[in-house]
Amino acid sequence: MRIGVDLGGTKIEAVALDEAGDLLARRRVPTPRDDYPATLDAIAGLVRDLEVETGGRGTVGVGMPGALSPATGLVKNANSTWLNGRDLDRDLSSLLARPVRFANDANCFALSEAVDGAGAGARVVFGVILGTGTGGGVVVERKPLTGPNAIAGEWGHNPLPWPRSGEWPGPSCYCGKTGCVETFLSGPGLARDYREATGASLEAPEVVARAGRGEREAALALERYEERMARALAVVLNILDPDVVVLGGGMSQNARLYGNVPRRWQEWAFSDRVTTPLRPPVHGDSSGVRGAAWLWGPGEA
Ligand SMILES: [Zn+2]
């Protein structure tokens, strides 16, 4: 049995999967914000409850915002800031009396879709989360790539390529740079673009809905969004040439992206013909927690 834990800023979700990936049990609790010992106890409690419910013992994988620093082993880059600088690996492994694997939540998303989702059977999968931020993850043969700096797939904090007038230097980003892909392709990025064009403040889903109803300014904002995504993903195609690109997060629910973006990335990728499919997620919001469970591979659980 595999147990996956998705350690989010507002809730912690855990699932138990059987060997085939079928759901055995699911639990969730609110995240004890700003309280590290209580966060550890909450994770351990979820694992215990799942094991009591299923009557088995599982491997444990944890997906979280941020990463374990390869240099120190401590948590870094987590927007759940009370985790940063903590030895989550040692503390949780000792609490659960077993080794625990960790990965960034975008890597877990990509892994879940690569194992039995939209990228099932593909050798190289690039997964993107388009939500309040833009994360990315690379999975090769069912294993997430991390890299010596634990930043593989961090696509959102590169500059928007081939900038047009008005796009450079671009909006400032929380990472300290300006013009990052994230500032254009996150939900708040679309909302900002619409606000700058119209003066009206709307959340991204409302911009998408208005475009669907034929509002001209909303449709133009969405066209800019798609064209920017095509440019940004063309860079990924040029470097990685993945077999499949899968979108996740709130913005991935916009069906028109899957036709319009590949039509446009053709123009930017360094190839006479681009056949890469762009797909919606199969597991939706469950991908993070399922991918955490799949950090333990075939034959390991
Ligand atoms: Zn940035």
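Things worth noting here:
- Single residue of region 194-211 satisfying the filter (outside any loop (DSSP other than H, G, I, E, B) and within 16 Å of GLY131 (Cβ to Cβ)) that is most open to solvent (accessible area, probe 1.4 Å): PRO205
- Residue in region 105-117 that is within 16 Å of the ligand (Cβ to nearest atom), on the phi < 0 side of the Ramachandran plot, aromatic (Phe, Trp, Tyr) and under 21 Å from the mean Cα position of the chain (by Cα) present: no
- Among the numbered conditions (1) open to solvent by 10 Å² or more (accessible area, probe 1.4 Å); (2) within 16 Å of the ligand (Cβ to nearest atom); (3) more than 22 Å from THR276 (Cβ to Cβ); (4) touching a Leu at 6+ places or on another chain (Cβ under 9 Å), the only one that PRO188 does not meet is (4).
- Pair list, Cβ < 8 Å and 6+ apart or interchain, from region 95-115 residues that are more than 16 Å from PRO242 (Cα to Cα) and of a type in the set (Lys, Arg) to residues that are at pLDDT 95 or above and surrounded by 23 or more Cβ atoms within 10 Å (Cβ to Cβ): ARG98/VAL60; ARG101/VAL60; ARG101/GLY61; ARG101/VAL62; ARG101/LEU295
- Taking region 164-185 as the range and being assigned to a loop (DSSP other than H, G, I, E, B) and open to solvent by 70 Å² or more (accessible area, probe 1.4 Å) as the test, the residues that pass are ARG164, SER165, GLY166, TRP168, PRO169, TYR174, LYS177.
- Look at (1) open to solvent by 50 Å² or more (accessible area, probe 1.4 Å); (2) at negative phi and you find that ASP241 fails only one, number (2).
- Residue check for SER287: surrounded by fewer than 22 Cβ atoms within 10 Å (Cβ to Cβ), among the hydroxyl-bearing types (Ser, Thr, Tyr) and either touching a Phe, Trp or Tyr at 6+ places or on another chain (Cβ under 7 Å) or over 24 Å from GLY166 (Cα atoms) (or both): no
- Selection status of ASN158, within 15 Å of the ligand (Cβ to nearest atom), open to solvent by 70 Å² or more (accessible area, probe 1.4 Å) and among the polar types (S, T, N, Q): yes
- All of LEU295, LEU233 fail the test of being in contact (Cβ under 8 Å) with a residue 40 or more places away in the chain, open to solvent by 10 Å² or more (accessible area, probe 1.4 Å) and among the hydrophobic types (A, V, I, L, M, F, W, C), apart from LEU295.
- First in region 172-184 and in contact (Cβ under 8 Å) with a residue 24 or more places away in the chain, second anywhere and of a type in the set (A, V, I, L, M, F, W, C) and more than 7 Å from the ligand (Cβ to nearest atom), Cβ under 6 Å, 6 or more apart: VAL181/LEU160; VAL181/ALA232; PHE184/LEU160
- Of the criteria (1) hydroxyl-bearing (Ser, Thr, Tyr); (2) within 16 Å of the ligand (Cβ to nearest atom); (3) at pLDDT below 95; (4) more than 24 Å from GLY9 (Cα to Cα), which one THR134 fails: (4)
- Which numbered condition ALA219 misses (of (1) among the hydrophobic types (A, V, I, L, M, F, W, C); (2) surrounded by fewer than 20 Cβ atoms within 10 Å (Cβ to Cβ); (3) under 19 Å from the mean Cα position of the chain (by Cα)): (3)
The values are calculated or read from the model by the stated rules, or taken from the named source; none is laboratory data. None of these values were measured; they are calculated from a predicted model. We place every Cβ from the backbone using ideal geometry, glycine too, and count neighbours over all the protein chains shown. To get the accessible areas, we keep the full protein, side chains included, count just its heavy atoms, and leave off ligands, DNA and RNA. Shrake-Rupley method; radii C 1.70, N 1.55, O 1.52, S 1.80 Å.
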